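Enquirer: The following block contains the structure, expressed as structure tokens.
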Amino acid sequence: MIIRKPNDNELEKVISLSPQAILDGTLGVVKPTREKVTQLVESLLDRGSYYLIATDGHELMGWVLLGSSKDQFTNETIGFIYELFVLEVFRGKGISEKLMRSGVDHLKNEGYSEVRLSVFSGNKAIELYEKMGFKKRTLTMSLEI
């Protein structure tokens with residue numbers, strides 16, 4: 001397995017699969033269209049965010065989307081992990097952890113002293129994030145009315 005930035009064709013494939021990544025990551029709550037995902041991703045890419053993909057030969061296994069964000073209270077720029085996804089057939093093989101570790105290393109090498117991410121309550125990835133040392137910082141609550 002190799003983790004690296006995608007070429008243009010691979011980037012297109014990642015974006016085409018991102019609606020499924022968002023659906024899975026939000027536990028089925030958010031069902032974005034390809035157009036909406038493209039709009040969101042292009043905005044992030046235009047601001048310097050980028051993907052790292054995990055491949056085996058020419059086969060895409062998964063990806064992580066990295067970039068920066070501003071702390072809403074301190075205005076400090078921090079590293080941010082926007083998306084982590086492993087195709088279902090490759091799950092359970094430690095690929096998520098390798099992608100996350102690579103992503104954190106990239107952000108550290110870019111000079112960030114902190115990395116944050118957002119995750120839906122109940123997502124299995126929380127276990128991985130906590131294992132890696134991520135701590136709960138904020139909690140968003142909702143009430144349907």
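Enquirer: Reachable lysines from Lys124, Cα under 23 Å, same-chain residues fewer than 8 places away excluded?
Expert: Output for Lys124: Lys31, Lys93, Lys98, Lys135, Lys136.
Enquirer: Here's a follow-up. I need the phi-derived Karplus couplings for the stretch 2-7: 6.51 cos²θ - 1.76 cosθ + 1.60, θ = phi - 60°, integer Hz, Gly and Pro marked x.
Expert: With the stated coefficients, the stretch 2-7 comes to 10, 10, 7, 6, x, 7 Hz.
Enquirer: While we're on this one: Starting from the Kirkwood radius over alpha-carbon pairs of the chain, derive D by Stokes-Einstein at 20 °C in a medium of 1.002 mPa s and give it in µm² s⁻¹.
Expert: Once the numbers are plugged in, D ends up at 135 µm²/s.
Enquirer: On the protein heavy atoms, probe 1.4 angstrom, tell me the percent of accessible surface of the chain carried by carbon and sulfur.
Expert: 51 percent
Enquirer: While we're on this one: Please identify every one of the GluC sites (Glu not before Pro) in the stretch 1-110 that sits in a loop by DSSP and has no more than 13 other beta carbons within 10 Å of its own beta carbon.
Expert: Glu76, Glu110
Enquirer: Picking from Leu107, Met141, Ala54, whose Cα lies most toward the positive end of the charge dipole for the chain (charges on Cβ: Lys, Arg +1; Asp, Glu -1)?
Expert: Met141
Enquirer: Just in the stretch 1-103: which trypsin sites (Lys or Arg not before Pro) are loop by DSSP and have at most 11 other Cβ atoms within 10 Å?
Expert: Filter output for the stretch 1-103: Arg47.
Enquirer: Looking at the stretch 48-111, I'd like the Rg to Rh ratio, where Rg is from alpha-carbon atoms and Rh is Kirkwood's inverse mean 1/r.
Expert: Rg/Rh: 1.05.
Enquirer: Separation of the stretch 77-145 and the stretch 14-60 by C-alpha centroid, Å?
Expert: Each part reduced to its Cα centre gives a spacing of 14 Å.
Enquirer: Taking the Cα centre as origin and putting +1 on Lys and Arg beta-carbons and -1 on Asp and Glu beta-carbons, what dipole magnitude results for the chain, to the nearest 20 debye?
Expert: Values: 19 positive and 20 negative charges, 73 e Å.
The calculation lands at about 340 debye.
Enquirer: Also, quick follow-up: Using a Gaussian network model of the chain whose springs link C-alpha atoms within less than 10 Å, name the residue from Asn75, Asn123, Asn109 with the highest mean-square fluctuation.
Expert: Asn75
Enquirer: Can I ask one more? Counting only heavy atoms of the protein chains, get the accessible area per residue of the chain (1.4 Å probe) and round it to a whole Å² value.
Expert: 66 Å²
The values are calculated or read from the model by the stated rules, or taken from the named source; none is laboratory data. Note that the coordinates shown come from a computational prediction; the quantities given were computed from them, not determined experimentally. Neighbour counts are summed over all protein chains in view; Cβ atoms, including those assigned to glycine, are modelled from backbone coordinates with ideal geometry. Accessible surface is based on the protein model in full, side chains and every heavy atom, while ligands, DNA and RNA are left aside. Shrake-Rupley method; radii C 1.70, N 1.55, O 1.52, S 1.80 Å.
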